[in-house]
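Comments concern the structure below.
The values are calculated or read from the model by the stated rules, or taken from the named source; none is laboratory data. Everything quoted here is computed from the prediction, not taken from an experiment. Backbone-built Cβ (ideal geometry, glycine too); neighbour counts: all protein chains shown. Surface accessibility is based on the protein's heavy atoms, side chains included, excluding ligands, DNA and RNA. Shrake-Rupley method; radii C 1.70, N 1.55, O 1.52, S 1.80 Å.
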Amino acid sequence: MSKTLLDRFLSGAVERGRLGVVFADGEARVYGGSAEGFPDIVIRFTDDAVPRDIVLDPRLGAAEAFMDGRLVIEEGDVMGLVGLLRMNGRWERGGDRLRPSLPKRLVNKAAVAVDKFNTAVSARRNAAHHYDIGNPLYALMLDPDHFQYSCAYWNTDHFGPDMTLAEAQEAKLAHIAAKLAIRPGQKVLDIGCGWGGMAIYLARHYDVEVTGITLSSEQASLARKRIAGAGVAGQVTIELVDYRDFAASGKTFDRIVSVGMFEHVGQAQFDTFFECCARLLDPMGVMLIHTIGRMGSPGVTDAFTRKYIFPGGYIPALSETVASSEKFRLIAADVEALRVHYAKTIRQWYANCMANRDAIIALHDERFFRMWTFYLAGAATVFEHGGMCNYQVQYVRDRRALPLTRDWIAQEEKRLLADAKA
């Protein structure tokens, strides 16, 4: 029965590109047909339960079968496999067929409802799940210059078509810094500071004091080392603290930046997050939130991501982000959608992981490597063909906090990039 249902599913899901499937009983079937720009992939199932698992929840079922070596890719790779399915069901066409069965969707929604209550204790545990798996892994994957684990900015107008991952991350830091309209002597708060890349960049390019906060002990430890190595220890402080506890301190900042952290807040905590930001931001302050977002309406986190990658995470729609922030009179002064930048970034991370396959397996094991590359493949292709993008939302508390026009952003960005080349 499961084999028949999977056959029906794949017959509708793969129209362009070819997917060959060898079932455990030796039967082979081909779905779709060769098409320019679409990959040809061949997979093999090692047991009869794989079709059932995929039918129940295509993403989680396929992921776990791949992780366990029960779904073997004979031709192509996991990026090609996930990409083939996503290319045939592009979000713009409303054709995403990778949905769990109805019972699985009900279970997933119940689990998401529990995850929404992202308390300080669970937030710390969730951060450790992903970010405390070991700095050596991230060193093999990320750019060595800035150690950025967030969407880069592919400014090919400045760097040219062959720009590197490190250059794209440099461009991202400049793009965000320009939007902050920083002035000498100001105090800057970096919420979810990671390994200190943004804090180091701001300290190097501006006469400011930067406080970075994170929930990851691994990140905090390496961030402090990188800050000392960059010679900006006198300007940057890293604290291991939850943003909710930090807001209770009564401190205020001229500028607040948060990159790649809002997607970990949890839907039920959106109001709390923006209330804390409003309390922390000076009345004439400026804040920039850089987050993964949904291009459509609000949704739910898929079971694979919630179970293995970002427990407690939730990707916000722009509508619910602004609906929450406006409750605290935070004015959305500028909104930018980065539509394909993250796909290009993650493909670079994927290439780095494939090049360092043996080293990553030595750090963890083969199952982890398959899980991690499945995650990267899914992430890259959802930004290419699915409903995800990145949003940068610039906030002010006073309508007169920034110039009337936005030409100054591009001018400052060019200055920063020119300094980098000098």
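Please verify whether A168 is without any contact (Cβ under 8 Å) to a residue 40 or more places away in the chain and either open to solvent by less than 30 Å² (accessible area, probe 1.4 Å) or assigned to a helix (DSSP H, G or I) (or both), treating the condition exactly as stated. Considered against the rule, which asks whether it is without any contact (Cβ under 8 Å) to a residue 40 or more places away in the chain and either open to solvent by less than 30 Å² (accessible area, probe 1.4 Å) or assigned to a helix (DSSP H, G or I) (or both), A168 comes out as no.
Being more than 27 Å from R339 (Cα to Cα), open to solvent by 60 Å² or more (accessible area, probe 1.4 Å) and either in a strand (DSSP E or B) or at pLDDT 95 or above (or both): is that true of D358 here? Considered against the rule, which asks whether it is more than 27 Å from R339 (Cα to Cα), open to solvent by 60 Å² or more (accessible area, probe 1.4 Å) and either in a strand (DSSP E or B) or at pLDDT 95 or above (or both), D358 comes out as yes. Within the range 241-253, being touching a helix residue (DSSP H, G or I) at 6+ places or on another chain (Cβ under 7 Å), open to solvent by 20 Å² or more (accessible area, probe 1.4 Å) and either closer than 16 Å to M198 by Cβ or not charged (D, E, K, R) (or both) holds for one residue alone: T252. Picking from residues in the range 76-96 that are under 17 Å from G37 (Cβ atoms) and charged (D, E, K, R), the one that is least open to solvent (accessible area, probe 1.4 Å) is R86. Check the range 315-323 and report whether any residue there is open to solvent by 40 Å² or more (accessible area, probe 1.4 Å), touching a Pro at 6+ places or on another chain (Cβ under 9 Å) and farther than 18 Å from W154 by Cα. Checked the range 315-323: at least one residue is open to solvent by 40 Å² or more (accessible area, probe 1.4 Å), touching a Pro at 6+ places or on another chain (Cβ under 9 Å) and farther than 18 Å from W154 by Cα. Among the numbered conditions (1) buried (at least 20 other Cβ atoms within 10 Å of the Cβ); (2) touching an Asp or Glu at 6+ places or on another chain (Cβ under 8 Å), the only one that F383 does not meet is (2). Counting only residues that are assigned to a helix (DSSP H, G or I) and either closer than 22 Å to G197 by Cα or open to solvent by less than 20 Å² (accessible area, probe 1.4 Å) (or both), the range 259-283 holds 10 of them.
Would it be correct to say that D245 is under 24 Å from A317 (Cα atoms), in a helix (DSSP H, G or I) and acidic (D, E)? No; evaluated as a whole, the condition is false for this residue. Please give the number of the condition V188 fails out of (1) closer than 19 Å to F246 by Cβ; (2) in a helix (DSSP H, G or I); (3) open to solvent by less than 10 Å² (accessible area, probe 1.4 Å). Unmet for V188, out of (1) closer than 19 Å to F246 by Cβ; (2) in a helix (DSSP H, G or I); (3) open to solvent by less than 10 Å² (accessible area, probe 1.4 Å): (2). Checking each residue in the range 298-341 for being of a type in the set (G, A, S) and closer than 30 Å to L402 by Cα picks out A317, S319, A323, S324, S325, A332, A333, A337. Note on the range 222-269: residues that are in contact with a Lys or Arg (Cβ under 6 Å, 6 or more places away or on another chain) and of a type in the set (F, W, Y) amount to 1. Comparison of I256, I238 shows that the only residue that is buried (at least 18 other Cβ atoms within 10 Å of the Cβ) and over 21 Å from the mean Cα position of the chain (by Cα) is I238.
If only one of E209, E263, E167 is in contact with a Ser or Thr (Cβ under 7 Å, 6 or more places away or on another chain) and among the acidic types (D, E), which one is it? Exactly one of E209, E263, E167 is in contact with a Ser or Thr (Cβ under 7 Å, 6 or more places away or on another chain) and among the acidic types (D, E), namely E263.
Contact map, the range 205-216: residues that are part of a loop (DSSP other than H, G, I, E, B) paired with residues that are not hydrophobic (A, V, I, L, M, F, W, C), Cβ distance under 6 Å, separation 6+ or inter-chain. Pairs shown: D207/P184; V208/Q186; L215/R124; S216/Y131; S216/D132. Residues of the range 139-155 being in a helix (DSSP H, G or I) and either modelled with pLDDT under 95 or within 18 Å of I200 (Cα to Cα) (or both), which ones? Passing the criteria: only A139.
Only one entry in A28, A65 is at pLDDT 95 or above and touching a Leu at 6+ places or on another chain (Cβ under 6 Å), namely A65. Filtered by the rule that a residue be in a helix (DSSP H, G or I) and closer than 19 Å to A152 by Cβ, the range 373-411 gives Y375, L376, A377, G378, A379, A380, T381, V382, F383, E384, I409, A410.
Which ones in the range 341-351 are open to solvent by 50 Å² or more (accessible area, probe 1.4 Å) and touching a residue at least 60 places away in the same chain (Cβ under 8 Å)? Within the range 341-351, K344, R347, Q348 meet the criteria.
Within the range 6-35, being open to solvent by 30 Å² or more (accessible area, probe 1.4 Å), closer than 16 Å to D47 by Cα and of a type in the set (A, V, I, L, M) holds for V22, A24, A28.
Residues that are open to solvent by less than 30 Å² (accessible area, probe 1.4 Å) and over 18 Å from Q392 (Cβ atoms) within the range 143-165 comprise D143, F147, G160, M163, L165, listed in sequence order. Residues that are open to solvent by 50 Å² or more (accessible area, probe 1.4 Å) and touching a helix residue (DSSP H, G or I) at 6+ places or on another chain (Cβ under 9 Å) within the range 284-301 comprise M295, S297, P298, V300, listed in sequence order.
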